[in-house]
Amino acid sequence: MDRIVLKNMATKLKTEDLAKRMHIHKDSDFYDELEEAVEIAGRIARPGAILKWVDVNEVGEDYAVVDGVKFESKVMANNLRGLKKVFFFVATAGGEVQDSREIDDETGVLKDMITSSILMHTYGALMSYVTETFGGHNVAFMNPGSLPDWDISNNFALLEAIGGVGEELGITLSPAGYMKPFQSGSGIIFTNESGYTNCSLCKNLDCVGRRAAFDEEEYNKIFN
Ligand code: SF4
């Protein structure tokens, strides 16, 4: 069992949580719109993910070979050194909410918040699945495109190695390597005792899914 496909995962959306993140007061008219959109999204969204349990074949100074694929990245080499197995993963909020005509959202803000929230929950469910099923404790992940030394074009090799990403989850790649549906993520999940958090090295400062503050000192130490 080296490949696991999780389809139609629960969205776990809660109007109150989204309202809090969007600073929407319960008495405002917009709250009712949000509540309706959340109800529709919960009904139509089809988030999903694929995990692939793969071998770490070789780790050099600034590269790692995983599942036969060579990735040039010093950060990855540091993270995977000493590990025998890791997971490749891809996850998506699905395209149903963004494509929906049922949700009345002229600006697109509601749909963006809802789909980013669905993706966050999907990531959470994926991590829980990995720790509960495989007994790992301190798991961390890294994503192509969030670090200067593992750019977005690595998605081509990563998604090809995972396989069936278009057929199973409807994900496609732009010529540069960005995924569609936009609210999708990919990367490598690995065990890590030192508390590595990809977010602390990611300069996407507006990201609503951020789980650790940007660490400028560490970033400069590694990349400058
Ligand atoms: S800050 Fe956002 S984009 Fe950057 S690694 Fe964290 S979750 Fe991903």
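The values are calculated or read from the model by the stated rules, or taken from the named source; none is laboratory data. Since the model is a prediction, treat every value here as computed from it, not as a measurement. Heads up, the Cβs are rebuilt from the backbone with ideal geometry, glycines too, and the neighbour counts pull from every protein chain shown. To get the accessible areas, we keep the full protein, side chains included, count just its heavy atoms, and leave off ligands, DNA and RNA. Shrake-Rupley method; radii C 1.70, N 1.55, O 1.52, S 1.80 Å.
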Original post:
Volume per residue, Å³, of the convex hull around the alpha-carbon atoms of the chain?
Top reply: 133 Å³
Subject >> Against the rule of thumb 2.2 N^0.38 Å, how large the Cα Rg of region 21-75 comes out >> reply: 2.20
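Of Lys52/Lys180; Lys12/Lys70; Lys20/Lys221; Lys14/Lys180; Lys12/Lys52; Lys74/Lys111, which sit over 32 Å apart, Cα to Cα? Display every interim value, and only then the final one.
Values: Lys52/Lys180 20 Å; Lys12/Lys70 37 Å; Lys20/Lys221 36 Å; Lys14/Lys180 25 Å; Lys12/Lys52 24 Å; Lys74/Lys111 36 Å.
The pairs that break the limit, which is 32 Å between Cα atoms, are Lys12/Lys70; Lys20/Lys221; Lys74/Lys111.
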Subject >> Positive-end residue of Thr122, Asn192, Asn8, charge dipole of region 3-195 with Cβ unit charges >> reply: Asn192
Original post:
Restricting attention to the alpha-carbon atoms of region 1-125, what are Rg (one decimal) and Dmax (integer), both in Å?
Top reply: 19.3, 58
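Output the peptides 212-223, 72-83 sorted from most to least packed, where packing is the average of other Cβ atoms within 10 Å over each peptide's residues. If you can, show how the numbers build up before the last one.
Working: 212-223: 12.0, 72-83: 17.6.
The densest-packed peptide leads the list: 72-83, 212-223.
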**OP:** Give me the accessible area per residue for the chain, probe 1.4 Å, as a whole number in Å².
**Re:** 53 Å²
Original post:
Check Ser73: other-chain or 5+ apart residues with amide H under 5 Å from its amide H, H built from backbone geometry?
Top reply: Tyr63, Ala64
Original post:
At Glu39 and Arg81, where each label point lies 7 Å from the Cα along Cα→Cβ, what is the point-to-point distance in nanometres?
Top reply: 5.6 nm
Original post:
Quick one: what Rg and Dmax do you get for region 61-194 from the alpha carbons, in Å?
Top reply: 16.0, 52
